[in-house]
Every structure is written in structure tokens, then in C-alpha cells.
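S.K.: Please find one structure pasted underneath; my questions will follow.
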Amino acid sequence: MPDTLTVTEASQVVVEIGGLPIRLRVDDAGFIDLLHKRYEGFVTTSREPQFEFQIEVTPPGLIEPDEDVRVHRNSENWFFDRGDFHAEWNPTSGQGKVRQTVNPYSIDCVLRIVHTLLLARTGGFLLHAASAMRNGRAFLFSGVSGAGKTTISRLAPPDVTLLTDEISYVVKESGEYFGFGTPFAGELARVGENLRAPIAEVFLLAQGPANKIEPLDTAEAAHALLRNTLFFAEDPGMVNSVFQSVCDFVRKVSVRRLTFVPNAEVWELIR
Amino acid sequence: MTEKRYVARDTHVASRLMGGEMMIMSTRDSTLFTLNGVASVIWEAADGKTPLDEIVSEQICKEYDVAPEQAMMDAETLVEQLAGHGIMIVSDQQIAPRENSEVNPK
């Protein structure tokens, strides 16, 4: 369950996503305040973070969230670069640093990369997918931009808890897969609930004239999910790990195609 | 006499047989490829030591209803395409095994 928002020091905030707390330090009270608001529900004080980033604030500049990010490794250190930020991270020491302007998008991208790299160690991955919890189980709705992730999230009835409308967090634990809520929001601009649930099913989204669910074979499922999986690193070992993780996932979890009319009736099929 | 040709999977790939199709991802640029059943047989047999014509005669022609000449032509086309994408090595000499770039091959 999420902790109540608590500030322990004026210059730091600990953001816990997928059960992994990461400390962000920055000597800028305004930025700390912004981070608290951005990651509300995911800020914690209950666990000592294994990883920490020192953020160095740079003068205002151009922010290009859609620009390609470069992720590469040099010995033990990872380097993340985009026009609006530069980050370095040593997973062994747990220490990293980020140089960026005061904006939530740059650190958001850094966190997505870090979580992708950490998840790859344990068979998990980040997926372009909305996810929601119903009856204690998580359902993922995957698709490219425009496929209907935001629409299906918006149509969810009251008994459904939204975990994310944009980036789903898939964790493998003891051979089972769990979906975690994330603060990585899409068009809905609403952070997910900081909850977890076993993944019941993944739906590949398409909008059409009638609601229907169709089976997919494992090759189709793997192909589709790999296209929607976040691959940041140019590192061959990392790409291989994520590839194998997705292939393992489709062997274990049902993946079907959901064609839907954009109205609430579609949720009658999802239980 | 036609020269022997040898084929080997490039080391910068991740691959997995899923539902009879070979899924291949280039670990250089994350490009995804899918091979059908026949092409998957060639991929799996591409060990750098077995000549392509032997792969075709021993594994394709015995398993699939296809004329040997046609099968060989199709195999030649396939390996050239895969080589063009940088995921297969084609040589007129045996190809020595190289260290695979995969960290967690399964």
C-alpha cells in the first residue's frame, strides 16, 4: 500500500515504483516540491533506497520528451543522454547523477530507463500498455499510440482501479507475473494507483465496430508485445535479456486481441 | 563443381522458437525478424560447419515436399537476405564459432 506523503529532508525525495525505492537528491526546494507533486502516491519513507541520484539543475533550455534517448554502458557505468538531460549511473554502487533543467519529464525518463535495466535482471519489463486491477487481478491493455490505452482507461467502471494509462510495470516473482501501478501517465495525465496484482491477461488493443476478443498464438503474441516493449539500451546483453523475458512471459500469460467500441460495455468482457 | 557455402548465425542476435516460428531480435538495434518453419530450420542448422546444400538436402528436402533445386534457390535467397540484415554470416569457408554477445542465452 502507498505511504502517506512524508518529507524527510528538504533536499530529497524517495520514489518507490514496482517496490524499488530510488532516492532523488536536489538542492532546489522548488524542484523537490515539483517531484513530490509529480510522484504523489509513490513517495515513500518506509524503505532505505538501494539507489540514489543526485540531480544537478541546469539553466532552462529546450525540453524534447519525444527525442530519442541514448543509453549505453562503459564498463560498470551506464550513461543516458537526451537533448534535455545527461545521466550517469553505477548499478553496483547504486549511485548516479543527473544534469537537467527543472522539469518533470527528464527525471521521468531517467526513472523509466533505470527501472527497465533493473527489471531486465529478474525477467520483468516495461510495456507500452494501460493496466487496471479488477477483482484482485491485473489486466494489461497494450498498443501503440492511438490504439485505445487512454480510451479504455477512461471507460473503466468504478470497481476498476487504474494502475497506469501508459506504461505497465511487469515483475516476475517466483515464476509468476505481477502488474504494478506506475506514475508514468499518458494522455489521461493521471498517475496510477501504487498497487500490485497478479497479471490475469494481456489484451492487444484495436478499435472496431463491435466488441470481441480473439485468441493469438504465442508467436503473434510475442511479436506484438516485443513491438510495445520499452528497449532503451544499445547494450546487446540487455536487449537479449528483455527479449527473452517477453518470450517467457507470453508462454505463461494469456495474450488476446481485444477489438472494442469506445463505450463502457467493453468492460463486461474483462473480468 | 559448385563451391560450398557455409552459414552461421551472427552473434549479435537473440532468438527463440515460438509456435513454430523463429523470433529473432538484433541486439545491435532491436530490429525484430520472424522466420517461418522452413527458414527456422535453416536458422537453427546454421552452425558455420555444415554446408548450406547439406542443410537443404538433409533437413529441408527430407522434411518438406519441395524440389531440391527450388529448395536450394530459396535457401540461397534467404541467407543472403539475412546476411543483408546483419544477422547471418555467409562464407565459402567454414565459420569458426565466436563468443556470443548474449549475456543470458536460453
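S.K.: If you take the residues of the range B:19-55 that are free of Cβ contacts under 8 Å to residues at least 24 places away in the same chain and touching a Lys or Arg at 6+ places or on another chain (Cβ under 8 Å), which of them is farthest from the other protein chains (Cβ to nearest Cβ)?
M.R.: B:M22
S.K.: Ok, one more. Of everything in the range A:147-190 that's surrounded by fewer than 18 Cβ atoms within 10 Å (Cβ to Cβ) and small (G, A, S), which residue is nearest to A:R112 (Cα to Cα)?
M.R.: The extreme case among them is A:G186.
S.K.: Something else now. Quick one: count up the residues across the range A:244-271 that are closer than 28 Å to A:E173 by Cβ and part of a loop (DSSP other than H, G, I, E, B).
M.R.: Number of matching residues: 3.
S.K.: Let me ask something else. With respect to the numbered conditions (1) modelled with pLDDT of 95 or more; (2) in a loop (DSSP other than H, G, I, E, B); (3) under 18 Å from the mean Cα position of the chain (by Cα), which one is the sole condition not fulfilled by A:P158?
M.R.: Only one criterion is unmet by A:P158, namely (3).
S.K.: Here's a follow-up. Going by the structure shown, is A:V114 in contact with a strand residue (DSSP E or B) (Cβ under 7 Å, 6 or more places away or on another chain), among the aliphatic types (A, V, I, L, M) and not assigned by TED's automatic domain parsing to the domain that holds A:E193?
M.R.: Considered against the rule, which asks whether it is in contact with a strand residue (DSSP E or B) (Cβ under 7 Å, 6 or more places away or on another chain), among the aliphatic types (A, V, I, L, M) and not assigned by TED's automatic domain parsing to the domain that holds A:E193, A:V114 comes out as yes.
S.K.: Can you tell me which residues in the range A:21-33 are touching a strand residue (DSSP E or B) at 6+ places or on another chain (Cβ under 9 Å), part of a helix (DSSP H, G or I) and of a type outside the set (V, I, T)?
M.R.: A:F31
S.K.: Can you tell me which residues in the range A:110-163 are within 13 Å of A:G192 (Cβ to Cβ) and without any contact (Cβ under 8 Å) to a residue 24 or more places away in the chain?
M.R.: none
S.K.: Now for a different question. Are any of the residues in the range A:212-224 within 8 Å of chain B (Cβ to nearest Cβ), under 19 Å from the mean Cα position of the chain (by Cα) and of a type outside the set (G, A, S)?
M.R.: no
S.K.: Moving on to the next point. Can you tell me which of (1) in contact (Cβ under 8 Å) with a residue 40 or more places away in the chain; (2) within 14 Å of another protein chain (Cβ to nearest Cβ); (3) in contact with a strand residue (DSSP E or B) (Cβ under 8 Å, 6 or more places away or on another chain) is the one A:P262 doesn't meet?
M.R.: (2)
S.K.: Right, another one. Would you check which residues across the range A:227-241 are more than 8 Å from chain B (Cβ to nearest Cβ) and either touching a Gly at 6+ places or on another chain (Cβ under 9 Å) or of a type in the set (K, R) (or both) and list them?
M.R.: Residue satisfying the conditions is A:N228 alone.
S.K.: Also: Only one residue in B:E69, B:E58 is without any contact (Cβ under 8 Å) to a residue 24 or more places away in the chain, more than 28 Å from A:P236 (Cα to Cα) and touching a strand residue (DSSP E or B) at 6+ places or on another chain (Cβ under 9 Å). Which one?
M.R.: Answer to the selection: B:E58.
S.K.: Out of curiosity, is A:L204 out of contact with any Pro (no Cβ under 7 Å at 6 or more places or on another chain), assigned to a strand (DSSP E or B) and either farther than 29 Å from A:H36 by Cα or of a type in the set (D, E) (or both)?
M.R.: For A:L204, the condition - out of contact with any Pro (no Cβ under 7 Å at 6 or more places or on another chain), assigned to a strand (DSSP E or B) and either farther than 29 Å from A:H36 by Cα or of a type in the set (D, E) (or both) - is met.
S.K.: Now a separate question. Out of A:F243, A:F203, which single residue is of a type in the set (F, W, Y), under 30 Å from A:N74 (Cα atoms) and more than 16 Å from the chain's Cα centre (by Cα)?
M.R.: Exactly one residue qualifies, and that residue is A:F243.
The values are calculated or read from the model by the stated rules, or taken from the named source; none is laboratory data. Just so it is clear, the model here is predicted, and its values are computed rather than measured. Neighbour counts are summed over all protein chains in view; Cβ atoms, including those assigned to glycine, are modelled from backbone coordinates with ideal geometry.
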